[in-house]
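Asks: Okay, handing you the structure first.
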Amino acid sequence: MSWFQRLRASLGKARDSFTAVQNLGRAKAPLTEAFWDDLEDLLIMGDFGVPTTAKILEGLRTVAKQEAWKTTDQPVARFHKDVERFLTLPGGELHLTGTPAVVLVVGVNGSGKTTTIGKLAARLHDEGKRVLLVAGDTFRAAATEQLSIWADRSKSEIVRGNEGADPASVVFDGVAAGKARNVDVILIDTAGRLQTKANLMEELKKIRRVIERELGRAPDETLLVVDGTTGQNAISQAKLFHEATQLTGVVVTKLDSTAKGGVLVAIVDELEIPIKFIGLGETVDALRPFHPAEFTAALFEDAPDSLSV
């Protein structure tokens, strides 16, 4: 099975809202106010969120007037293109230009953050890079153990501190070790205790300052890992982390579960930050770079299974 076929099969739940939108246009019925109301309801239910839904509808209504659309198939066809356009931002690829390159990974507990780091480490190792993992989540013993397992799997090195140690000091040691060992990439795990968000955000700001001081520059990437099944809660998470850490990209995990595809559009639209990777499962190869055209095609029924980006 190709990656596109796998992606399409995994997005069954996410495709429901998009299929419902397509169904609005199949009959080529007269374009009425009731159509716009139905489309708005479907987008809200599909986790596009109120601001992004309003923006999509405003754009479609404007073009409908300009081009004198008469039937429902016309805005539906344009909606397909709009979804891809909303998801497409510059900087979608991973930028690892520093020596060593540093990737700071943030996210709440349970989002799949540590697993994502492990999978990313495996990808980078396969590309011939020497990788160092830094266990900056010192408040959850399971996180450090989990990261150690992924270090073995991905043939990466690891720096870990004692349980309860100051995370910033562990990050300091990790960056120093990475520089001394001449590694190519340092991947830093962090705590995700959002229930104490004020302390967490201050802690992340401190970690970022440590990295900047030791490197003489900001991290090459600051990636937020969000659980796609959390819907609009992912947006509020993203805003909080962006304020604290200046995110450069988002990784959306668990899209093979009950996630709705609209949340990806909302994240990109509201934060203007690109999605860099998506995760479909637990296997090492289940984390792949995000391609808007490929993802959009997988969400619509009429895309050919042979599509490959």
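The values are calculated or read from the model by the stated rules, or taken from the named source; none is laboratory data. These numbers come from a predicted model, not from an experiment. All Cβ positions, even for glycine, are placed from backbone atoms using ideal geometry, and neighbour counts span all protein chains on display.
Asks: Could you say which residue among THR72, THR144 is among the hydroxyl-bearing types (Ser, Thr, Tyr), within 27 Å of ALA266 (Cα to Cα) and touching a strand residue (DSSP E or B) at 6+ places or on another chain (Cβ under 8 Å)?
Replies: The match here is THR72.
Asks: Would you call LEU264 in contact with a strand residue (DSSP E or B) (Cβ under 9 Å, 6 or more places away or on another chain), assigned to a helix (DSSP H, G or I), closer than 27 Å to ARG208 by Cα and touching a residue at least 24 places away in the same chain (Cβ under 8 Å)?
Replies: yes
Asks: Given the conditions (1) over 27 Å from ASN233 (Cβ atoms); (2) aliphatic (A, V, I, L, M); (3) surrounded by 13 or more Cβ atoms within 10 Å (Cβ to Cβ); (4) touching a residue at least 40 places away in the same chain (Cβ under 8 Å), report the number of the one that LEU87 does not fulfil.
Replies: The single condition LEU87 does not satisfy is (1).
For every residue, the table says whether it meets (1) more than 24 Å from LYS13 (Cβ to Cβ); (2) among the basic types (Lys, Arg); (3) assigned to a helix (DSSP H, G or I).
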{"site": "ASP41", "(1), (2), (3)": "no, no, yes"}
{"site": "PHE48", "(1), (2), (3)": "no, no, no"}
{"site": "PRO51", "(1), (2), (3)": "no, no, yes"}
{"site": "VAL76", "(1), (2), (3)": "no, no, yes"}
{"site": "LYS81", "(1), (2), (3)": "no, yes, yes"}
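Yes or no, residue by residue, for (1) out of contact with any helix residue (DSSP H, G or I) (no Cβ under 9 Å at 6 or more places or on another chain); (2) aromatic (Phe, Trp, Tyr); (3) outside any strand (DSSP E or B); (4) free of Cβ contacts under 8 Å to residues at least 24 places away in the same chain:
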residue: VAL103; (1), (2), (3), (4): no, no, no, no
residue: VAL108; (1), (2), (3), (4): no, no, yes, no
residue: THR116; (1), (2), (3), (4): yes, no, yes, no
residue: ALA121; (1), (2), (3), (4): no, no, yes, no
residue: VAL134; (1), (2), (3), (4): no, no, no, no
residue: SER148; (1), (2), (3), (4): yes, no, yes, yes
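Asks: Let me ask something else about it. Given the criteria farther than 20 Å from THR99 by Cα and not acidic (Asp, Glu), does ILE158 qualify?
Replies: Taking the combined requirement at face value, the residue does not satisfy it.
Asks: When residues of segment 128-167 are filtered for being in contact with a His (Cβ under 8 Å, 6 or more places away or on another chain) and not basic (Lys, Arg), how many remain?
Replies: Qualifying residue count, segment 128-167: 3.
Asks: Being of a type in the set (Ser, Thr, Tyr) and at pLDDT below 90 is the filter; apply it to segment 246-282 and report the residue that is nearest to the chain's Cα centre (by Cα).
Replies: THR253
Asks: Scan segment 236-290 residue by residue and report those that are among the charged types (D, E, K, R), over 30 Å from GLU202 (Cβ atoms) and in contact with a helix residue (DSSP H, G or I) (Cβ under 6 Å, 6 or more places away or on another chain).
Replies: Residues satisfying the conditions are ASP256, LYS260.
Asks: Being in contact (Cβ under 8 Å) with a residue 60 or more places away in the chain, surrounded by fewer than 21 Cβ atoms within 10 Å (Cβ to Cβ) and in contact with a helix residue (DSSP H, G or I) (Cβ under 6 Å, 6 or more places away or on another chain) is the requirement here; does GLU93 meet it?
Replies: no
Asks: Ok, one more. Please tell me if THR115 is modelled with pLDDT of 95 or more, on the phi < 0 side of the Ramachandran plot, of a type outside the set (A, V, I, L, M) and surrounded by fewer than 23 Cβ atoms within 10 Å (Cβ to Cβ).
Replies: Taking the combined requirement at face value, the residue does not satisfy it.
Asks: Here's something else I'd like to know. Among the residues of segment 22-50, which ones are loosely packed, with under 12 Cβ neighbours inside 10 Å, over 20 Å from THR296 (Cβ atoms) and touching a residue at least 40 places away in the same chain (Cβ under 8 Å)?
Replies: ALA27, PRO30
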